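So the structure is just underneath, and the comments pick up after that.
The values are calculated or read from the model by the stated rules, or taken from the named source; none is laboratory data. Just so it is clear, the structure is predicted and the values come from calculations on it, not from any experiment. As a convention, Cβ positions derive from the backbone with ideal geometry for all residues, glycine included, and neighbour counts pool all protein chains shown.
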Amino acid sequence: MEGNDISGPRDEILGPLAGVMQSDGGSWHFDEKSSDRLWHKSAIGIPVQGGGISLTSVEMMFCINHRNIESPGIGFLFGGLEGDPALFYEYAVMEALRTPGNKIVLGCNLGKLGIGHSKRSWGLRWDSDKHPSKDPAVSEVRWFTAEQEFDVDDLYEWVREVEDSGRIAESIVVDEEMSVVTYRLSIADPRGNLTPPSIEEFLIISDNEYAETMNGGAYFPGADDWPLEAVGIPVQGGRQLDWAERELVHFFGKSSKNNNIEDFSTGPTNPHLGMTKTASLLHELWNRGLNTRSGFKFGTTWRCYSGSVGQDHAPWLINDPEDYHKTIGVWAKACLTSRLASGVNKHWICPVDVGTGEWRFLRVSRPPADSRWSNPR
């Protein structure tokens, strides 16, 4: 072969294998003396009957770069990419995790070890002083490219499965430069101490006169005896409601009067409640005792206080699920939102519609400083 030409016969491309041979399944059998040490010390590969270990292509790449295994030649990478176009991304994740000493067992090998896991997980992680043969895993890992969809429903189900197993859910995002950043995902349960709104209080508000404002909101003058602290904001001696708050006031106020609800909705309706998802979520937040205010300055829909505004900072930032495709959409934007939240000491939580008007919440956060896996220098 001349230069970078790799168009010759496949056997010629692969070159000498130096104690390693490729199986039909795309794994690599390594039976040198160091194979036993690779498994027992670093949990690399998986022991096979007859001796040696079986390595996936991404594990083989790590061993070539960090364990002094001789490379089979340029054809190794060529063949590996043929079988797995995401190989280089996976390697960036593997290197970021293993270089600090973590042990990683990939999903394809966990069944052989009799270790259960979420089928959505790429692999399981053990701390440097633990081993899969005798210790439980600390986390389950998934990785995404920066431009992959941020699918909150799928992520919530994955995190629920992982936490049911007593493990941490770790998400690693890889950009176009193969740089990685780590996030922890967890089920959140935000709660405040305000009294949830009642039908009677909605009725009191809906009986007042109001003037319509831009974007479908409403202004209620003379709000000295305003019954609900979380609803609307004080403006010019009255109270101003946005369109979602106005929708809830009319929904519950008019339904309690004559069940003839005027349609003030400006978005898709929730088929379970007859209201928009935005309004349904807002009502859920109020029922949790939270005090909602605009999250515009933080790139989200709401910032949520546990009590009165001014008593403490707002610990939670929440996005309107109807705006996910515009405001979040892909992991790159999700990373930006989470980083901004952590920079102002807040938690970014994503609402998940589980049907019949019920909401659950997923927290996306930066892990502690000693668990932020990144590319080695």
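For this structure, a couple of remarks:
- Picking from residues in the stretch 102-115 that are at pLDDT 95 or above and in a loop (DSSP other than H, G, I, E, B), the one that is surrounded by the fewest Cβ atoms within 10 Å (Cβ to Cβ) is Ile115.
- Exactly one residue out of Arg191, Arg239 is at pLDDT 85 or above, buried (at least 19 other Cβ atoms within 10 Å of the Cβ) and not hydroxyl-bearing (Ser, Thr, Tyr): that is Arg239.
- Unique match (being surrounded by fewer than 20 Cβ atoms within 10 Å (Cβ to Cβ), free of Cβ contacts under 8 Å to residues at least 24 places away in the same chain and over 17 Å from Leu290 (Cβ atoms)) among Arg377, Arg366, Arg339: Arg377
- Residue in the stretch 195-205 that is in contact with a helix residue (DSSP H, G or I) (Cβ under 8 Å, 6 or more places away or on another chain), hydrophobic (A, V, I, L, M, F, W, C), outside any loop (DSSP other than H, G, I, E, B) and surrounded by 21 or more Cβ atoms within 10 Å (Cβ to Cβ) present: yes
- The lone criterion from (1) crowded, with 19+ Cβ neighbours inside 10 Å; (2) in a helix (DSSP H, G or I); (3) of a type outside the set (Asp, Glu); (4) modelled with pLDDT under 95 left unmet by Ile69 is number (2).
- Gly116 meets each of the listed conditions (1) touching a residue at least 40 places away in the same chain (Cβ under 8 Å); (2) in contact with a Phe, Trp or Tyr (Cβ under 8 Å, 6 or more places away or on another chain) apart from (2).
- If you go through the stretch 55-66 and pick out every residue that is free of Cβ contacts under 8 Å to residues at least 40 places away in the same chain and surrounded by 18 or more Cβ atoms within 10 Å (Cβ to Cβ), you end up with 5.
- Some residue of the stretch 279-288 being modelled with pLDDT of 90 or more and not in a helix (DSSP H, G or I): yes
- Of all residues making up the stretch 333-377, the number that are part of a helix (DSSP H, G or I) and either among the polar types (S, T, N, Q) or modelled with pLDDT of 95 or more (or both): 4
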